[in-house]
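All of the numbers you see were taken from the coordinates with simple rules; none came from a lab. All figures in this text were calculated on a predicted structure; none of them were measured in a lab. Every residue, glycine among them, receives a Cβ derived from its backbone with ideal geometry; neighbour counts consider all protein chains shown.
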Amino acid sequence: MTRILVIEDDAAILTGLTDNLKAEGYEVSTATDGESGYELLQREAPDLVILDLMLPKMSGLEVCRRAREAGMTTPILMLTARGEETDRVFGLDLGADDYVTKPFSVRELMARIRAILRRGQPQIPPVDRVSFGDVTVDFCSYEAHRGRNEIAMTRKEFGLLRHLVSRPGEVVTRNQLLDEVWEYGSYPTTRTVDNHIASLRSKLETDPASPRHLVTVHGVGYKWVP
């Protein structure tokens, strides 16, 4: 299980973060000051640190500096106030991986966490072309055909299909699709994914009501079956 260390002295923010992270399936450790947070970072070697800048005993910037000087490569996501632009830049220069400004959207924070954690994973090369039945889709030229007839598809539909086709048989969650295809800056909802899948099925599947290729994994997401 992915372990996240949260170093935050505001009790309400700490509780909210802990509850939301656990709901997402992460194991969570917490600290309310910089010194104890740095000790936990050394001792537990978490997969990611959520680090507030303004902390008692040792600032978040100092925690970040010491961690990087000690050779720790643990990803660090900083929490900053709106007026702390100089500190944000300094923190990134010290080796922080990203930052979120308070007050923040929980959806944005979770998306940034998933994005940071993915950076350490092997990248899957995208598929350039796929054919199934009488359908051919070229992701480089953004062209799709059923036999000789062109199929009209949006760029998002091409992107969504390409992401799934590049991972045949792998279940991809709605949140993963939102992060990869829409990216967290646009803040769509998981219903957006469902609507696009329904549209793709209507255009590509022989029987959209009983899809053979764009398959739903109930309660999780979708997968591509060649």
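Structure shown: which of 22/57; 22/102; 57/102 lie over 24 Å apart, alpha-carbon to alpha-carbon?
Cα-Cα > 24 Å for 22/57; rest within.
If you add up the charges near residue 16, with Lys and Arg at +1 and Asp and Glu at -1, over every other residue whose beta carbon is less than 10 angstrom from its beta carbon, what do you get?
-3
Between 133, 34, 95, where does the largest GNM mean-square fluctuation fall for the chain, given springs only between Cα atoms within less than 10 Å?
Most flexible of the set in this elastic network: 133.
With a ≥ b ≥ c taken as the square roots of the eigenvalues of the C-alpha gyration tensor of the stretch 1-80, please select rounded if a/c is under 1.5 and otherwise prolate if a/b is larger than b/c or oblate if it is not?
Oblate, because a/c is 1.5 or more while a/b does not exceed b/c.
Taking log10 I(q)/I(0) by the Debye sum over Cα atoms at q = 0.08, 0.14, 0.15 Å⁻¹ straight from the coordinates, which label in [x] -0.38, -0.88, -0.95; [y] -0.25, -0.82, -0.95; [z] -0.37, -1.03, -1.13 is the correct one?
Computed from the coordinates, log10 I(q)/I(0) by the Debye sum over Cα atoms at q = 0.08, 0.14, 0.15 Å⁻¹ corresponds to [x].
Placing unit charges on C-beta atoms (Lys and Arg positive, Asp and Glu negative, everything else neutral), compute the dipole magnitude of the chain about its Cα centre in debye, rounded to 20.
So the magnitude is around 880 debye.
Nearest-5 percent of antiparallel DSSP beta bridges in the chain?
About 45 percent, rounded to the nearest 5.
With runs of 4+ DSSP H residues as the only contributors, calculate the mean residue ellipticity of the chain at 222 nm using -39,500 (n - 2.57) per run, divided by the residue total and rounded to the nearest 500.
Counting only the DSSP helices, I get -12000 deg cm²/dmol.
For the stretch 3-119, with the dipole built from +1 on Lys and Arg beta-carbon atoms and -1 on Asp and Glu ones, taken about the Cα centre, which of 115, 77, 40 lies farthest toward the positive end?
So the residue furthest toward the plus end is 115.
Can you find, among 221, 168, 11, the residue sitting farthest towards the positive end of the charge dipole of the chain, where Lys and Arg contribute +1 and Asp and Glu -1 at Cβ?
The residue sitting most towards the positive pole is 168.
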